[in-house]
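Below is one structure, written out as structure tokens; comments come after it.
The values are calculated or read from the model by the stated rules, or taken from the named source; none is laboratory data. Owing to the predicted nature of the structure, the values given are computational and were not obtained by experimental measurement. Virtual Cβ from ideal backbone geometry, glycine too; neighbours counted across all protein chains shown. Keep in mind that these areas ignore ligands, DNA and RNA; they rest on the heavy atoms of the full protein, side chains included. Shrake-Rupley method; radii C 1.70, N 1.55, O 1.52, S 1.80 Å.
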Amino acid sequence: GFLALWAGTMPTVLRTTVYWSVGSPCYRFFKSLLTGPNNLMSESNPLAHGCCSIVSSFIATAVSHPFDIAKTHLQNQDMRAPCFKGTIDCLRIHYRERGMLGLTPGFSVRYLRMGSWQLAFWLTYERGLVILRGRGV
């Protein structure tokens, strides 16, 4: 029915929140390591932004991927006879049945998708800052 359209809303919000709560701070942290006082690279160097986005995306994907697994299971379950009560229940049952490796299927595909997206986002964002601040064209 109509409510089934919204079955995955909260798990999707949770997954996305976890992803960006980890991804953005990781990007800033690694950027500060590369462009900070040790000056390995300049702050406007696209290579620094690319490296930071790839690493931060990997970490964010690793942390948020179990929530993506739970989201998929919750969205695919029969709403008339649900198997899971929520995200935590889904993760608990999934872990008990399949172990830690049961939370990894699809990781590489998701990382390729999210990593390339973050790479494009951070390169565009950082280049936009350089242009807007008038430090280059």
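How many residues are at pLDDT 85 or above, hydroxyl-bearing (Ser, Thr, Tyr) and open to solvent by 10 Å² or more (accessible area, probe 1.4 Å) if we restrict to region 44-69? Let's see the steps before the verdict.
Residues of region 44-69 that are at pLDDT 85 or above, as a first pass: 45-69.
After this cut, where a residue has to be hydroxyl-bearing (Ser, Thr, Tyr) as well, the list is 53, 56-57, 61, 64.
From the residues that got through so far, the ones that are open to solvent by 10 Å² or more (accessible area, probe 1.4 Å) too are none.
Number satisfying all stated conditions: 0.
Answer yes if at least one residue in region 70-89 is among the small types (Gly, Ala, Ser), closer than 19 Å to GLY23 by Cα and open to solvent by 30 Å² or more (accessible area, probe 1.4 Å), and no otherwise. Don't jump to the end; show me each part of the working.
Of region 70-89, the ones among the small types (Gly, Ala, Ser) are 70, 81, 86.
Filter again for closer than 19 Å to GLY23 by Cα, leaving none.
No, region 70-89 contains no residue that is among the small types (Gly, Ala, Ser), closer than 19 Å to GLY23 by Cα and open to solvent by 30 Å² or more (accessible area, probe 1.4 Å).
With respect to the numbered conditions (1) in a helix (DSSP H, G or I); (2) open to solvent by 70 Å² or more (accessible area, probe 1.4 Å); (3) without any contact (Cβ under 8 Å) to a residue 24 or more places away in the chain; (4) hydrophobic (A, V, I, L, M, F, W, C), which one is the sole condition not fulfilled by ALA120?
Every condition holds for ALA120 apart from (2).
For residues in region 5-22 being under 23 Å from PHE58 (Cα atoms) and of a type in the set (Ser, Thr, Tyr), which is least open to solvent (accessible area, probe 1.4 Å)?
Result: TYR19.
Kindly list the number of the only condition in (1) under 17 Å from VAL63 (Cα atoms); (2) outside any helix (DSSP H, G or I) that fails for SER44.
The one condition SER44 does not meet is (1).
Determine whether PRO82 is under 27 Å from LEU5 (Cβ atoms), without any contact (Cβ under 8 Å) to a residue 12 or more places away in the chain, in contact with a Leu (Cβ under 9 Å, 6 or more places away or on another chain) and not hydroxyl-bearing (Ser, Thr, Tyr).
Values: under 27 Å from LEU5 (Cβ atoms): yes; without any contact (Cβ under 8 Å) to a residue 12 or more places away in the chain: yes; in contact with a Leu (Cβ under 9 Å, 6 or more places away or on another chain): yes; not hydroxyl-bearing (Ser, Thr, Tyr): yes.
For PRO82, the condition - under 27 Å from LEU5 (Cβ atoms), without any contact (Cβ under 8 Å) to a residue 12 or more places away in the chain, in contact with a Leu (Cβ under 9 Å, 6 or more places away or on another chain) and not hydroxyl-bearing (Ser, Thr, Tyr) - is met.
Exactly one of these conditions fails for MET41: (1) surrounded by fewer than 16 Cβ atoms within 10 Å (Cβ to Cβ); (2) more than 14 Å from the chain's Cα centre (by Cα); (3) free of Cβ contacts under 8 Å to residues at least 12 places away in the same chain. Give me its number.
Unmet for MET41, out of (1) surrounded by fewer than 16 Cβ atoms within 10 Å (Cβ to Cβ); (2) more than 14 Å from the chain's Cα centre (by Cα); (3) free of Cβ contacts under 8 Å to residues at least 12 places away in the same chain: (1).
Here's a check for you: in region 23-34, which residue that is touching a helix residue (DSSP H, G or I) at 6+ places or on another chain (Cβ under 7 Å) and open to solvent by less than 50 Å² (accessible area, probe 1.4 Å) is modelled with the lowest pLDDT?
Going through region 23-34, the residues touching a helix residue (DSSP H, G or I) at 6+ places or on another chain (Cβ under 7 Å) turn out to be 23, 26-27, 30-31, 34.
Those left that are additionally open to solvent by less than 50 Å² (accessible area, probe 1.4 Å): 23, 26-27, 31, 34.
Details: GLY23: 96, CYS26: 97, TYR27: 97, LYS31: 93, LEU34: 90.
The qualifying residue modelled with the lowest pLDDT is LEU34.
Can you name the residue in region 5-38 that is without any contact (Cβ under 8 Å) to a residue 40 or more places away in the chain and not in a helix (DSSP H, G or I) and, of all such residues, is nearest to GLU126 (Cα to Cα)?
Looking at residues that are without any contact (Cβ under 8 Å) to a residue 40 or more places away in the chain and not in a helix (DSSP H, G or I), I get GLY36.
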